[in-house]
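Report on the structure given below.
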Amino acid sequence: MNLKFCILFSFFVRNVIARGGYRSTSLSSAADLGFENESYAGSGRHLIEENQSHHPRTDIARGYMTNSELERAVKEFGRRCSHISRIYSIGESVRGFPLWVIEISDKPGQEEPEPAFKFIGNVHGDEPVGRELLLLLANWICDNYKRDPLVDLIVDKVHLHILPSMNPDGFSFRRRGNANKVDLNRDFPDQFFPWNNNEDARQPETKAIMSWLREMRFTASASLHGGALVANYPWDASLDKRKNYYACPDDGTFRFLASIYSKSHYNMSLSKEFEGGITNGAAWYPVYGGMQDWNYIYGGCFELTLEISDNKWPNAKELPTIWEYNKMSMLNLVASLVKTGVHGRVFSSDSGRPLPGLITIKGINYTVKTSGTLADYHRLLVPGERYEVMATVPGYKSKATRIWLEKEEATNVDFILDPEVSSDGTLLRSICDCGRKSRLLSIGYFWGTHFEVYLVLIVVLAFLCFLLTRRIKSNLLKQRLPPKRSVLTV
């Protein structure tokens, strides 16, 4: 009996520690959320971390990049691949280390009507495999651009943003939490329990991610973790605090995205623990204050939590193999943003300008916002099904259309909306944020995208003006000539 209990306990702790660990700064224990059965496991994780801090393994990071080496690698990548990338920082860690991001695109830093994807690694300091794999991914894309069709698709049609390390301080300390010993994956606003809704009280790494999503619109995202081998999707928790499947409105789409990663992986889909190599977060074990659910609810971003190695901190010699196992999964997940779903823009019928608005799908209780300047949208959906798509803008008549979403082929639907007319016959204008800057940017975009058409029109008009001018001059000349005299011969 004791042997069975030990085996079950060790199995439970191994699974929970992959994403687990509750915020000690806001909650005294897991029991504060009503998890009486999990408080013991939580204290077990605490003991593990304490033991590791008292007896550090100096050899565990051998072969892994230090934070300084990671910074140099990021900057070197920016120099080597400047034609398809830019390097920027979204903030700093507690100890002041920059949170560097690599953007990869054929037009980095420019706003385009294209979807954006972000990878985030090293959320937990003691799970460093992700930061290594993300640098390998960036360099592989750079080396194979214009050589591999899948890479070309990603670079030309997607804006890919890579944050190799969200928690560089935790990596330095070889521990899960940041420099303040806070689990960053429990530090985001939670939909069920508002214990951490004070943004000023959050960690600087958390606030940097939140500000990032306010400034940039991401279609999808994935964070890389270690300690298991599975693609995890929302919801991560439930209101009743039980370990049961709790589906979000886009459950089918999330299962589809998670399956793309799992099936492209060397052996994730063969898991005996998780059917198909994917799992609903709440069905695995509840996580409150997690980054995944916050992205979907508040950021409009479809995020997965990817557990990419059974060992949280494997020997560095295993990294090339882990990279090969995950390479196609990472590439196919990013490419799925343009290989499926419905994409398009929203325009005004009276002025032709882009209209920032909302996109909804009948039967799915979730809204996707268009971008503010170009009014483009990118709605991920399960392929092989019929959908009714609706565009809504304040001050304009909503429009809906039915589509059939083919497999391995995205659908493009642009909406042209008519202004609403009031009872006195005046047009009701949109109350959206469409300032002068937005209008000028949209005009510039249209001029750039239709340059050839405009050039032909200018040439034709110039030729017509030339003919008209020539004809007018000819008529004037005829009027000024003296009349011919007739000569009478006698």
Rounded to the nearest 0.05, what FRET efficiency is calculated for Ala316 and Glu406 with R0 set to 35 Å and r the Cβ-Cβ distance? 0.20
With a point put 7 Å past each Cα toward its Cβ, work out how far Glu275 is from Arg72 in nm, to one decimal. 5.0 nm
State which entries of Lys243/Lys272; Lys157/Lys362; Lys181/Lys272 exceed 24 angstrom in Cα-Cα distance in the structure shown. Lys157/Lys362; Lys181/Lys272
In the stretch 67-338, if every C-alpha pair distance is counted and binned at 5 Å from zero, what percent goes to each bin? 1, 6, 13, 18, 21, 19, 13, 7, 2, 0, 0
Rg/Rg_ref, the stretch 144-285, where Rg_ref = 2.2 N^0.38 Å and atoms are Cα: 1.20
Provide the per-residue ³J(HN,Hα) series for the stretch 354-362, in order, calculated from phi with Karplus coefficients 6.51, -1.76, 1.60 and θ = phi - 60°, each as a whole number of Hz, with x at glycine and proline positions. x, 10, x, x, 10, 10, 10, 10, 4
Counting every C-alpha pair in the stretch 307-389, the percent lying more than 21 Å apart is 53 percent
Where a Cα-Cα gap under 14 Å defines reach, which aspartates and glutamates qualify for Lys207, not counting those fewer than 8 residues away within the same chain? Glu92, Asp183, Asp187, Glu199, Glu215
Here is the link list: Lys369/Lys399; Lys263/Lys407; Lys327/Lys407. Which ones come out longer than 19 Å on Cα distance? Lys327/Lys407
Neighbour-limited loop hits for GluC sites (Glu not before Pro), the stretch 249-305 (at most 16 other Cβ within 10 Å; DSSP other than H, G, I, E, B): Glu273
To check my understanding: the extent here is largest minus smallest coordinate of the Cα atoms along each principal axis. What are those three numbers for the stretch 343-419, in Å, largest first? 35, 21, 17
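Values in this text are rule-based calculations from the coordinates and carry no lab data. These numbers come from a predicted model, not from an experiment. Cβ atoms come from the backbone with ideal geometry, glycine included; neighbour counts cover every protein chain shown.
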